[in-house]
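The block underneath contains the structure these notes are about, expressed in structure tokens.
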Amino acid sequence: MNTLISYLKLAVAYMQINFKSLIAYRGAFISQMVAMFINDFVWIAFWSLFFTRFPVVKGWGVNDVITLWAIAASGFGFAHMIMGNALALPGIIVRGELDTWLLYPRAVLPHLLLGKSNATSWGDALFGIFVYVIFVKPDLPHLLLFLTLLCSVSILFVGFSVLTGSLAFYIGSAESVATQLRFAMITFSTYPSPIFQGFVKVLLFTLVPAMFVSHLPVSALRNMSLSDTLYSFGGAFAILFAGVLVFYAGLKRYESGNLIEMRG
Amino acid sequence: MDKYIFIALTAIRSKLAYLGEVGSKTIFLFVVLYIFLSLWQVTYGETNQTSLGGLTLPQMLWYLVVTESIILSLPAIAGTVDQDVRTGSLALQLIRPISYPLNLLASTSGERALSFFINLSVGSIIALIFVGPIAISLQSLMMFALVIPLAFTIDFLIYFLIGLAAFWLEDTSGLMLIYSRMTMILGGMLIPLELFPDSWQQILRILPFSAIVYGPARIFVTGDQTLFCSILIQQIAAIIGFSLVIKLIYGTALKRVFSHGG
């Protein structure tokens, strides 16, 4: 319990430092955040146009897609707003920049992940909550469940980023592969899940676990389903666990880059 | 002119050295095309229509192959200008006996031509597997071959303008992101303009986005001659207009360049 509290304090401290670091370049930070907000909003506009023309897609309406975008964007946003280095993991490994993190008297992975905040993710996080509250207009139980599911989706995204980023330990220059896999995950996560059937659906529950973003959380919110909520968390923790295992197994193969690096 | 052709060919050769990286991007193309096929299959099925916006399901997928190939072939234009301005390497470029904008146009056009060719080839194979071939006439291919370089030129000019904003803004990545999304949605990358509300269509057809994405893709798929003429006029007007704006802004921006020896 003490360890958990200690790491929570570390997370809070890092969030404060990372935020100060971001607002040191206030103009850049705000413009990136606003741009991501607008980017996400453009997708909502696309879906609104689509559903104006074709009102229902396999039982999904525009509100379901807005819910999907809200939870996917804010889940991704919170994940990388707090643990921004998850996105940079393959580059850090390939360039031999892990050395700095290995010197700290903390477990390497949480410390490394917390070390940076991704500026655009703030836009995603704010966007998700904003559109859910403004467009879906949830009652209190739905809002609370949304915030709960936000945690599961964030855990899933961090786990997936760690899992794909850790491939760099095994296949060398994995930045491109990790980016492609992440794009695939995000893309599959932001389309109505009923359009995927058969083998692809199995794939989306396993290799590219987008169903734990698009299908289960949306279903949980539609039906206020406890089982779907639990399945969402189960999937998220499974991916996180796999990511942690692959990272630490890969860490044994890590070779120092003899890189001299200063961290302020 | 020869030197710019040489720069474009050098950019292609240089890109060919990293063919693996270019190829890895086609994984995303596969994912996107599969998702769109699934979405449109459901949409055509639920509406009981064989044609939406004047396109059959196979035509729709081929349309998306072209639009995605255009969007995914984009090289780093604004980012390069932004970096050149921020790091000061623009000053170094200016002392060379070539025009900086034309040099960048040539090198990025070479890169883009190769990426587009690879994307279109891979996308065509994917479309052939998913929905089979569609009838494409030689005439539509020729019209397409004429409008696609002009589409890339307009895109270049707009991204170059965004890059020039680095002279005044702390960060231009936000502008790049917004412009790219505008091109994707308002340019008809995801849905052809015919499926937009009628009131929107009139406006979208005038904007440059449609001349970059929708026009070339629709011409490729349908071989529409009337559309070809209107897109060609729109493209030429856009190129002239944006070139003039760049001339004005680039001239103003260069007055802000200070360099010293060392």
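Going through (1) in contact (Cβ under 8 Å) with a residue 60 or more places away in the chain; (2) part of a helix (DSSP H, G or I); (3) under 25 Å from residue A:41 (Cβ atoms) one by one, residue B:191 falls short only on (2). Only one of A:123, A:91, A:75, A:96 is closer than 30 Å to residue A:245 by Cβ and at pLDDT 90 or above. Can you tell me which? The match here is A:75.
For the condition buried (at least 23 other Cβ atoms within 10 Å of the Cβ) and away from chain B (no Cβ under 14 Å), what is the one hit in A:98, A:102, A:112? Exactly one of A:98, A:102, A:112 is buried (at least 23 other Cβ atoms within 10 Å of the Cβ) and away from chain B (no Cβ under 14 Å), namely A:112. Taken together, B:78, B:17 contain a single residue that is aliphatic (A, V, I, L, M), more than 10 Å from every other protein chain (Cβ to nearest Cβ) and either within 30 Å of residue A:193 (Cβ to Cβ) or surrounded by 21 or more Cβ atoms within 10 Å (Cβ to Cβ) (or both), which is B:78. Listed conditions (1) within 14 Å of chain A (Cβ to nearest Cβ); (2) assigned to a helix (DSSP H, G or I); (3) modelled with pLDDT of 90 or more are all met by residue B:231, apart from (1). May I ask you to verify whether residue B:32 is away from chain A (no Cβ under 14 Å) and touching a helix residue (DSSP H, G or I) at 6+ places or on another chain (Cβ under 7 Å)? Here the answer is no, as residue B:32 does not meet what is asked. Considering each of A:42, A:34 in turn, give the residue that is at the interface with chain B (Cβ under 9 Å from one of its Cβ atoms), open to solvent by less than 30 Å² (accessible area, probe 1.4 Å) and on the phi < 0 side of the Ramachandran plot. None of the other options fit; the residue is A:42.
Yes or no, residue by residue, for (1) modelled with pLDDT of 90 or more; (2) away from chain B (no Cβ under 11 Å); (3) open to solvent by less than 60 Å² (accessible area, probe 1.4 Å); (4) assigned to a loop (DSSP other than H, G, I, E, B):
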| site | (1), (2), (3), (4) |
| --- | --- |
| A:169 | no, yes, yes, no |
| A:178 | no, no, yes, no |
| A:181 | no, no, yes, no |
| A:209 | yes, yes, yes, yes |
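With the structure loaded, tell me whether residue B:139 is part of a helix (DSSP H, G or I), without any contact (Cβ under 8 Å) to a residue 24 or more places away in the chain and more than 11 Å from chain A (Cβ to nearest Cβ) or whether it fails that test. So residue B:139 does not fit the description; no. Taken over the stretch B:142-183, the residue count meeting the criterion of being more than 10 Å from the chain's Cα centre (by Cα), within 9 Å of chain A (Cβ to nearest Cβ) and closer than 30 Å to residue A:52 by Cα is 7.
The values are calculated or read from the model by the stated rules, or taken from the named source; none is laboratory data. Please read all numbers here as calculations on a predicted model, not as lab measurements. Every residue, glycine among them, receives a Cβ derived from its backbone with ideal geometry; neighbour counts consider all protein chains shown. Side chains are part of the model used for accessible areas, which takes the heavy atoms of the whole protein and leaves out ligands, DNA and RNA. Shrake-Rupley method; radii C 1.70, N 1.55, O 1.52, S 1.80 Å.
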